[in-house]
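Read the structure below first, then the notes.
The values are calculated or read from the model by the stated rules, or taken from the named source; none is laboratory data. Keep in mind that what you see is a predicted model, and the values were worked out from it rather than measured. Glycine also receives a Cβ, built like all others from the backbone with ideal geometry; neighbour counts cover every protein chain displayed. Heads up: the accessible areas ignore ligands, DNA and RNA and are worked out on the full protein's heavy atoms, side chains in. Shrake-Rupley method; radii C 1.70, N 1.55, O 1.52, S 1.80 Å.
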Amino acid sequence: MRWLLVVAGLLAAGGLAQTPPPPAAQTAEQNPLRLGVQLYALGRYDAALTLFERALKENPQDPEALYWLARTQLKLGLVNPALENGKTLVARNPRYLGGYMVLSEAYVALYRQAEDRERGKGYLEQALSVLKDAERINPRYAPLHLQRGLVYALLGERDKAEASLKQALALEDTPEIRSALAELYLSMGRLDEALAQYAKALEQAPKDLDLRVRYASALLLKGKAEEAARVLEEGHRIKPLNAEGWYTLGQAYLALGRTKEAGVALENAVALAPLRFPAAYYYLGQVYLALGDYPKAKSRLTVAVRLEPKRAEYRYSLCLANEKLGDKEGARYQCQEALKLKPGYREAEEVLKRL
């Protein structure tokens with residue numbers, strides 16, 4: 001059930017609602033808060049942190065400076081300082097929603113750090129409590145319900161998660177909310193509903209490459225490889241694909257029998273992220289075996305086996321590459337190892353017989 005693991009990762013890896021307050025009131029070009037927000041948007045969190053610390057020093061009572069400082073600390077993994085700043089923000093400014101949002105995210109970050117996830121669920125309950133306090137201030141704040149839905153998803157309470165996300169969507173139709181709903185539906189096995197939400201989200205945010213990759217991955221699960229390839233090809237015309245985009249496009253091309261194009265896409269993926277996708281090396285091995293380029297097949301499959309030595313199919317494919325290159329000893333060893341990992345592996349047994 002590969003998609004369950006993928007979805008769990010999407011829900012757990014930084015998917016909480018990002019809820020910046022209104023833009024800073026100051027407009028001076030060199031204002032540290034303004035510059036910090038710009039750097040934060042560019043992902044330059046270390047530089048942004050310094051500017052937010054400076055902004056807070058210059059104006060200790062500014063809730064926006066403290067808010068952005070806490071959010072940046074979360075991005076940098078400084079969870080405990082972010083938690084304390086979130087608590088301070090709520091205590092000083094009980095009507096400021098941003099404080100509640102960042103505090104709830106800090107509790108979720110503590111949950112993610114917990115070695116014992118069951119015991120760590122107490123942090124998620126604290127996050128829900130904070131969001132309940134925020135709801136008393138503004139019950140119609142859509143990001144609040146979005147974040148609550150994602151917390152419920154982490155707790156495994158999917159019905160409550162769906163209700164919260166639908167409530168958020170009723171208040172404000174955004175690609176973030178629709179994408180969260182899509183991911184939730186994937187985790188519930190409701191693939192068609194997930195695809196519908198992804199499609200609407202992409203209409204709203206056609207330049208969002210990460211959204212395109214998630215949508216294309218879901219299309220592949222549905223067996224719609226041609227549509228998945230189109231979604232990613234369109235995205236590449238807007239913005240160059242990242243490693244995951246190339247990897248997903250390579251899978252789509254393989255499903256369509258477009259072998260050479262699959263090889264190009266997968267090579268791009270491993271060039272951009274050499275260790276992130278062990279399966280990409282395996283797929284490249286299949287590509288080069290099909291194209292008759294056995295030295296390249298062996299090279300890529302060797303990396304796949306090195307990264308994931310307990311995958312029987314990786315070793316079997318390396319066995320084939322070695323056989324094609326006349327390395328009977330290497331072929332025999334890899335097929336024997338494949339059989340240890342997967343007793344009764346018929347294809348490996350057949351290779352051993354002819355060796």
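Residues in the range 79-104 that are of a type in the set (A, V, I, L, M, F, W, C), over 27 Å from the mean Cα position of the chain (by Cα) and open to solvent by 20 Å² or more (accessible area, probe 1.4 Å): Val90, Ala91.
Yes/no matrix, rows are residues, columns are (1) over 30 Å from Arg258 (Cβ atoms); (2) open to solvent by 30 Å² or more (accessible area, probe 1.4 Å); (3) of a type in the set (Val, Ile, Thr):
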position: Leu124; (1), (2), (3): yes, no, no
position: Ala163; (1), (2), (3): yes, yes, no
position: Leu191; (1), (2), (3): no, yes, no
position: Tyr198; (1), (2), (3): no, no, no
position: Tyr215; (1), (2), (3): no, no, no
position: Ala228; (1), (2), (3): no, no, no
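Looking across the range 204-255, the residues that are of a type in the set (D, E, K, R) and within 22 Å of Leu284 (Cβ to Cβ) come down to Glu226, Glu233, Glu244. Of the residues making up the range 60-78, those that are surrounded by 15 or more Cβ atoms within 10 Å (Cβ to Cβ), farther than 17 Å from Val151 by Cα and not basic (Lys, Arg) are Asp62, Pro63, Glu64, Ala65, Leu66, Tyr67, Trp68, Leu69, Ala70, Thr72, Gln73, Leu78. Selection over the range 281-309 of residues that are under 14 Å from Ala338 (Cβ atoms) and either open to solvent by less than 40 Å² (accessible area, probe 1.4 Å) or touching a helix residue (DSSP H, G or I) at 6+ places or on another chain (Cβ under 6 Å) (or both) gives a count of 6.
Filtering the range 180-220 to residues that are of a type in the set (Lys, Arg) and out of contact with any helix residue (DSSP H, G or I) (no Cβ under 6 Å at 6 or more places or on another chain) leaves Arg190, Arg214. Identify the single condition in (1) surrounded by fewer than 19 Cβ atoms within 10 Å (Cβ to Cβ); (2) β-branched (Val, Ile, Thr); (3) at pLDDT below 95 that Val7 does not satisfy, given that it satisfies every other one. Single failed check for Val7: (1).
Identification of helices (runs of 4 or more DSSP H) wholly contained in the range 52-120 with 3 or more residues that are in contact with a Pro (Cβ under 8 Å, 6 or more places away or on another chain) yields 63-75, 97-113. Restricting the search to the range 172-183, which residues are surrounded by 17 or more Cβ atoms within 10 Å (Cβ to Cβ) and under 16 Å from Ala142 (Cβ atoms)? Thr174, Pro175, Glu176, Ile177, Arg178, Ser179, Ala180, Leu181 - these are the residues of the range 172-183 that are surrounded by 17 or more Cβ atoms within 10 Å (Cβ to Cβ) and under 16 Å from Ala142 (Cβ atoms). Restricting the range 310-355 to residues that are part of a helix (DSSP H, G or I) and among the acidic types (Asp, Glu), the residue that is surrounded by the fewest Cβ atoms within 10 Å (Cβ to Cβ) is Glu329. The number of residues in the range 244-257 that are open to solvent by 60 Å² or more (accessible area, probe 1.4 Å) and either closer than 11 Å to Asp210 by Cα or of a type in the set (D, E, K, R) (or both) comes to 1.
Looking across the range 40-52 at every residue that is surrounded by 19 or more Cβ atoms within 10 Å (Cβ to Cβ) and among the aliphatic types (A, V, I, L, M), the one that is nearest to Gly77 (Cα to Cα) is identified as Leu49. Considering the conditions (1) touching a residue at least 60 places away in the same chain (Cβ under 8 Å); (2) buried (at least 23 other Cβ atoms within 10 Å of the Cβ), Leu221 is excluded by exactly one of them, (2). Leu241 passes every criterion in (1) in contact (Cβ under 8 Å) with a residue 24 or more places away in the chain; (2) open to solvent by 20 Å² or more (accessible area, probe 1.4 Å) apart from (2).
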